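Here the structure is laid out as structure tokens; the discussion comes afterwards.
Readers should treat all values here as calculations from the given coordinates under stated rules, not as data from a laboratory. Predicted, not measured: the structure shown is a model, and the values here were computed from it. FYI the Cβ positions are ideal-geometry reconstructions off the backbone, even for glycines, and counts take in every protein chain you see.
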Amino acid sequence: MLASADAAYALGELAALGRTIANPHLLIGPFVRREAVLSSRIEGTQADIADLYAYEAGQMVFPQGAAAHAVDDVREVANYVAALEYGLTRLQSLPVSLRLIRELHERLMHGVRGEHATPGEFRRSQNWIGRPGCSLNGAEYVPPPPDEMLAALDAFEKYLHREDPQPRLVRLAFIHQQFEAIHPFLDGNGRIGRLLLSLLLVEWGLLPLPLLYLSAYFERQRQTYYDLLWAVNACGDWRSWVLFFLRGVAEQAQDAGARAKRLQDLQAEWRARIARERAPALTLSLIDDLFQSPVITIPQVAKLLNVTYHSAQRHVARLLQAGILIPGADQPSGKSFIAHAIVEITTI
């Protein structure tokens, strides 16, 4: 299948890039957060990556009377980041499995809307998919009832660990569709299903690090994404779904490679700029930290560098003078500073 070969080639190039980057872990943070924003957006959230960075920096202040959904949107995206980071660490001791899936779901749903939907537990009642407010009779798709769902999940887990003659990217397409069809949770199924793709790419050795995320592709073609997922259930049209999925892998692998190179070039440019000014090594270290947290405050810098508040001010001042940081909006919790170029590269 030509589409499979194209996707595998693009993914291979991205994997090679990931292995050549001197410190690729510094570039993972922006990729993870971009995926969190887009995967959550498919489900209807409105938070953007700047909101997420501000929230993580403690600078996301919700005005009194702010709509509950605005607060939950940002928290849901932050939970996605936490769940994905947890999953990547957990892979060191536990393979992708039903147990890991439940653990991821518990972290994804903690403290946000849907928390009532038994976080970390597979559903024990019937759910359905359709327009907001529709009844079971008007549903567009009805997943298997709980007893059949458990049997389907057992088969799903066995397939995760079974050898298969199909190319692994084709298997990923199968796995994603089947998880969505089983719909084992009362809420959060789509996000968990997309999160699993990132974890399996790493677990199967297709990527050395989580550099590929498909939510940008799925979000751009949201209706087609849903139509093809459900067409498999309705009429067994696996071919259209798999081709769509493989095109997404190829497109997003190329996009991720381009963004990774831009981030890598930006890091090298900033380090060279500061080195020419004979700045202390800690200022160079702060540049690296910005790729994890592009929105920072003086107290955070002091903690990151293990220095005094006044010393942290001096490091930030150097980056302001070099044009690497710009002042953010003043908040009741203090003044923030933004590495705008990083946010721009990772903006949708």
Between 0 and 90°, nearest 10: helix 146-161 axis offset from the chain longest Cα axis: 60 degrees
Expected vector for the range 291-306, Karplus 3J(HN,Hα) from phi with 6.51, -1.76, 1.60 and θ = phi - 60°, integer Hz, x for Gly and Pro, equals 6, 8, 9, x, 10, 9, 10, 4, x, 5, 4, 4, 6, 4, 8, 6
In whole angstrom, how far apart do the alpha carbon centroids of the range 14-36 and the range 161-179 sit? 24 Å
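Please tell me the relative contact order of the range 265-346 in percent, rounded to the nearest whole number, where contacts are Cα pairs under 8 Å and at least six residues apart.
Working: 85 pairs, mean separation 22.9, N = 82.
Value for the range 265-346: 28 percent.
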Show me, for the range 123-129, the HN-Hα J-couplings you get by feeding each phi into the Karplus relation (A = 6.51, B = -1.76, C = 1.60, θ = phi - 60°), rounded to Hz, glycine and proline as x. 5, 10, 9, 6, 10, 7, 10
Here the Kirkwood hydrodynamic radius of the chain, Cα-based and in Å, equals 21.6 Å
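Loop only per DSSP, at most 11 neighbouring Cβ atoms within 10 Å: give me the GluC sites (Glu not before Pro) in the range 203-303, ordered by residue number.
Details: sites: E203, E219, E251, E269, E277; in loops: E277.
Taking the range 203-303 and a limit of 11 other Cβ atoms within 10 Å, the loop GluC sites (Glu not before Pro) found are E277.
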Rounded FRET efficiency, nearest 0.05, which uses the C-beta distance separating A70 from E121 and R0 of 22 Å: 0.20
Give me, ordered by chain and number, the residues 5 or more places off Y141 or on other chains with an amide H under 5 Å from its own placed amide H. I129
Peptides 144-152, 255-263, 191-199, 32-40 ordered by average Cβ neighbours within 10 Å, highest first: 32-40, 191-199, 255-263, 144-152
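What number, rounded to the nearest 500 deg cm²/dmol, is the helix-based mean residue ellipticity at 222 nm of the chain, given -39500 (n - 2.57) per DSSP H run of at least four residues and division by all its residues? Show your work: numbers first, answer last.
Numbers: 15 runs with 222 residues, N = 348.
Rounded to the nearest 500, the figure is -21000 deg cm²/dmol.
Efficiency by 1/(1 + (r/R0)^6): what FRET value for E269 and H161, r their Cβ-Cβ distance, R0 = 35 Å, to the nearest 0.05?
Details: r = 45 Å, r/R0 = 1.27.
Once rounded, the FRET efficiency stands at 0.20.
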Specify the inter-centroid distance of the range 244-271 and the range 190-222, based on alpha-carbon positions, in whole Å. 14 Å
Between 0 and 90°, nearest 10: helix 168-182 axis offset from the chain longest Cα axis: 70 degrees
